[in-house]
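A.B. asks: Right, I'll just put the structure down here and ask away after.
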Amino acid sequence: MLTLKLALRNLLGAGLRTWLNVFVLSLSYVVIIYIHGMLDGWDVQAKSDMMHWQTGQGQLWQKNYDPLDPFTLQESFATIPGELIPSVESGDLAPVLITMASFYPEGRIQSILLKGISENQQVVEIPTAAFSGGGADIPAVIGKRMAEANKITVGDLVTVRWRDANGTFDAADVRIAAIFNSNVPTIDAGQIWIPLRRLQTMLSAPGKATYFISKKSELLNYSGSDWVSKDLKSLTAEIDQIIKTKSFGSSIMYVVLLLLAMLAIFDTQVLTIFRRQREIGTQIALGMTRWQVVRLFTAEGAMNAVLAALLAAVYGIPFLASQAASGIAMPATTDTMGLAIADKIFPVYSLGLIGVTIVVVLVTSTIVSYIPSRRIAKMNPTEAIKGKIQ
Amino acid sequence: MKSNQSVISIRNLVKTFPMGNREFTALNGINLEFASGEFSGFVGPSGSGKTTLLNIIGTLDSPTEGEAMVLDHSVKLLTQKKAALLRSQKIGFIFQTFNLLPVYSAAENVEFPLLLQKMGGEARRKAVMEALEWVGLSDKAKSRPAQMSGGECQRVAIARAMVKKPEIVLADEPTANLDAENSHNILKTMVKLNQELGTTFLFATHDEKVIGYLRRIIRLYDGKVAFDELVTKI
């Protein structure tokens, strides 16, 4: 307690020198929490967007379906099992049928995925209600990325070509009924969504689907031999992996920042011990042991981190709270990365994140302060009293 | 005034320091006895061993050979912790360059030894103010060393040495950085404290002003006691 009291007194007494260190260290706190909070916010938002637009509470995949291998699509649909039909009719399960296709925007040929989804589904936010009406044309919905990339607007007719179940090429015009705005690029870029029944007819694959999107996780318990259950965790594992990679990348930045702050503390400690030799000698003469003085100097360094936490709270809490409320605007190019990024990311700051950051900075500061302070234990107090450099 | 019992006893004390490949003998065969309440000083030219002897008595250093008993403790046998405890409770130091803690106020400097003794807040504040009154600096309690004159700083250093009412005060060239007027004021203060509290004062000095106040003068020359005389004051 005495050590802490004296350390605080020494630090506050040192004035500007202390506050410069404290300010640099407080920046570390705020930046680490800010970057981590942003990544956590992105994680939460990306998973939420994926759940609302793509995965639902989980999916049932036809056993041959491999989303990374489009050439398997022709073999990866199967008849919708009878037990699942009530859930499909109630809208709790959204069957999706996929085939490779081409379309011809502005005279060019472009490979796409043609996806059929049930009109009455209530699982994902793809605007399938837009499929109703429109007369004889095949209604289609596309995402804004697809629309912008190919300069397509609502009402346009686009020609699509596909192979049916027999491998025969066929073509038809589809009319764009709606353009949806989703943060999930994997349901948008290079994809055209049309009514399931129309695609089943086009492929001569009546009553078949490639996968189901489920509104309820208990529907994933279906154990038919043709279908494999994919829970939400496995479907969003890729996001976890990407966030992990991003966290590692950003960690390098705040490790550098932390190192700079630690270097400042280390340098200050070394300088302090040189400059304050007379003081060290005096403290020993007045009745402190060498190790008490080592503890005092270490505590001074560690207390930088405590003061920095307080200072960071003063300006960091309003800043971080405002960022959490207003969100961080992401550049337009970031949504081409292949995973869900909203126009704005709202950072999420957990108590764990704040606690771990404080502990890491505090422990690191203490170690960095202790290392140069050890030399005090080897000082000759009679020389130190005179201020002789040792 | 305390009784004249021995507080410091030095027998055949030798202190050597390594100096390159050979050894430098700073003190050689010192035999001295100090009674409680003495106002004595080691006098001699630079390098005569005054400060070294004071450091050994102050348990900041230990003898190479011989024995130094301070308040019934053998300096040679004291652990760092016990030596620190002895200094903290029973020995006060006054230095040539004052050695005040620069970021502390006068009161905080005086308070420091009491904090080490873990004295309670109220008693501590009272003792600090009393010590500052002894040296006539009650009005400078909140001033930092940089805001005070050399004389005032040394008076704060005296208050710091005296606040814990030690049995021995060791003063190493306490007037070397002071003008004549301040030197006399400081010395009068120390004489007063010696008489009122019975504290033993030991000086290391070659300042004639200080020598004029001493009641016992031990002249050191080349690490040996050249002569040891009691001064009869008229």
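The values are calculated or read from the model by the stated rules, or taken from the named source; none is laboratory data. Keep in mind the model is a prediction, meaning the values are calculated, not measured. Cβ atoms come from the backbone with ideal geometry, glycine included; neighbour counts cover every protein chain shown. Just so you know, the surface numbers come from the protein's heavy atoms only, side chains and all, with ligands and any DNA or RNA stripped out. Shrake-Rupley method; radii C 1.70, N 1.55, O 1.52, S 1.80 Å.
A.B. asks: Among (1) more than 19 Å from A:I138 (Cα to Cα); (2) touching a helix residue (DSSP H, G or I) at 6+ places or on another chain (Cβ under 8 Å); (3) buried (at least 19 other Cβ atoms within 10 Å of the Cβ), which single condition is A:Y211 missing?
C.D. replies: So the condition that A:Y211 fails would be (2).
A.B. asks: Here's something else I'd like to know. Answer yes or no as to whether A:A321 is buried (at least 23 other Cβ atoms within 10 Å of the Cβ) and at pLDDT 90 or above.
C.D. replies: No, not satisfied.
A.B. asks: Here's a follow-up. As an exercise: evaluate A:I80 against (1) surrounded by fewer than 19 Cβ atoms within 10 Å (Cβ to Cβ); (2) not assigned by TED's automatic domain parsing to the domain that holds A:E279 and give the number of the one condition it does not meet.
C.D. replies: (1)
A.B. asks: Can you go through A:T245, A:T282 and tell me which one is within 30 Å of B:P166 (Cβ to Cβ) and among the polar types (S, T, N, Q)? Please lay out each step first, then the result.
C.D. replies: Details: A:T245 fails: within 30 Å of B:P166 (Cβ to Cβ).
That would be A:T282, the only listed residue that is within 30 Å of B:P166 (Cβ to Cβ) and among the polar types (S, T, N, Q).
A.B. asks: For the range A:218-243, what are the residues that are under 19 Å from A:A46 (Cα atoms) and of a type in the set (S, T, N, Q)?
C.D. replies: Hits for the range A:218-243 are A:S234, A:T236, A:Q241.
Each row is one residue, and each column tells you yes or no for (1) away from chain B (no Cβ under 12 Å); (2) closer than 20 Å to A:K244 by Cβ; (3) not aromatic (F, W, Y).
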site	(1), (2), (3)
A:L8	no, no, yes
A:L11	no, no, yes
A:V22	yes, no, yes
A:L25	yes, no, yes
A:Q45	yes, yes, yes
A:Q62	yes, no, yes
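A.B. asks: Is the range A:222-229 home to any residue that is closer than 30 Å to A:V30 by Cα, open to solvent by less than 60 Å² (accessible area, probe 1.4 Å) and either in contact with a Gly (Cβ under 7 Å, 6 or more places away or on another chain) or outside any helix (DSSP H, G or I) (or both)?
C.D. replies: No, the conditions are met nowhere in the range A:222-229.
A.B. asks: If you don't mind, there's one more thing I want to ask. In the range B:104-120, which residues are open to solvent by less than 30 Å² (accessible area, probe 1.4 Å) and either more than 7 Å from chain A (Cβ to nearest Cβ) or in a loop (DSSP other than H, G, I, E, B) (or both)? Quick ask: steps written out before the conclusion?
C.D. replies: Filtering the range B:104-120 for residues open to solvent by less than 30 Å² (accessible area, probe 1.4 Å) gives B:104-107, B:109-116.
Once the filter is applied, which keeps residues that are open to solvent by less than 30 Å² (accessible area, probe 1.4 Å) and either more than 7 Å from chain A (Cβ to nearest Cβ) or in a loop (DSSP other than H, G, I, E, B) (or both), the range B:104-120 yields B:Y104, B:S105, B:A106, B:A107, B:N109, B:V110, B:E111, B:L114.
A.B. asks: Restricting attention to the range A:39-64, report how many residues are surrounded by 18 or more Cβ atoms within 10 Å (Cβ to Cβ) and farther than 26 Å from A:F180 by Cβ.
C.D. replies: Here the count works out to 2.
A.B. asks: Step by step: first the residues of the range A:176-221, then only those that are among the hydroxyl-bearing types (S, T, Y) and part of a loop (DSSP other than H, G, I, E, B), then the one that is nearest to the chain's Cα centre (by Cα). Which residue is that? Give the steps one after another, and end with the answer.
C.D. replies: To start, the set of residues in the range A:176-221 that are among the hydroxyl-bearing types (S, T, Y) comprises A:182, A:186, A:201, A:204, A:210-211, A:214, A:217.
Applying the additional criterion that residues be part of a loop (DSSP other than H, G, I, E, B) yields A:182, A:204, A:210.
Numbers: A:S182: 17, A:S204: 41, A:T210: 29 Å.
Ranking the qualifying residues of the range A:176-221, first place goes to A:S182.
A.B. asks: Moving on to the next point. Looking only at the range A:280-328, count how many residues are of a type in the set (S, T, N, Q) and within 33 Å of the chain's Cα centre (by Cα).
C.D. replies: Qualifying residue count, the range A:280-328: 4.
A.B. asks: Is it true that some residue in the range B:130-142 is open to solvent by 20 Å² or more (accessible area, probe 1.4 Å) and within 11 Å of chain A (Cβ to nearest Cβ)?
C.D. replies: No, the range B:130-142 contains no residue that is open to solvent by 20 Å² or more (accessible area, probe 1.4 Å) and within 11 Å of chain A (Cβ to nearest Cβ).
A.B. asks: Look through B:S40, B:S88, B:S62 and report the one residue that is surrounded by 15 or more Cβ atoms within 10 Å (Cβ to Cβ), farther than 27 Å from B:K224 by Cβ and either within 13 Å of another protein chain (Cβ to nearest Cβ) or not β-branched (V, I, T) (or both).
C.D. replies: B:S88
A.B. asks: Given the condition without any contact (Cβ under 8 Å) to a residue 24 or more places away in the chain, surrounded by fewer than 19 Cβ atoms within 10 Å (Cβ to Cβ) and over 24 Å from A:G58 (Cβ atoms), answer yes or no: does some residue in the range A:159-166 qualify? Walk me through how you get there before you give the answer.
C.D. replies: Step one: of the range A:159-166, the residues without any contact (Cβ under 8 Å) to a residue 24 or more places away in the chain are none.
Checked the range A:159-166: no residue is without any contact (Cβ under 8 Å) to a residue 24 or more places away in the chain, surrounded by fewer than 19 Cβ atoms within 10 Å (Cβ to Cβ) and over 24 Å from A:G58 (Cβ atoms).
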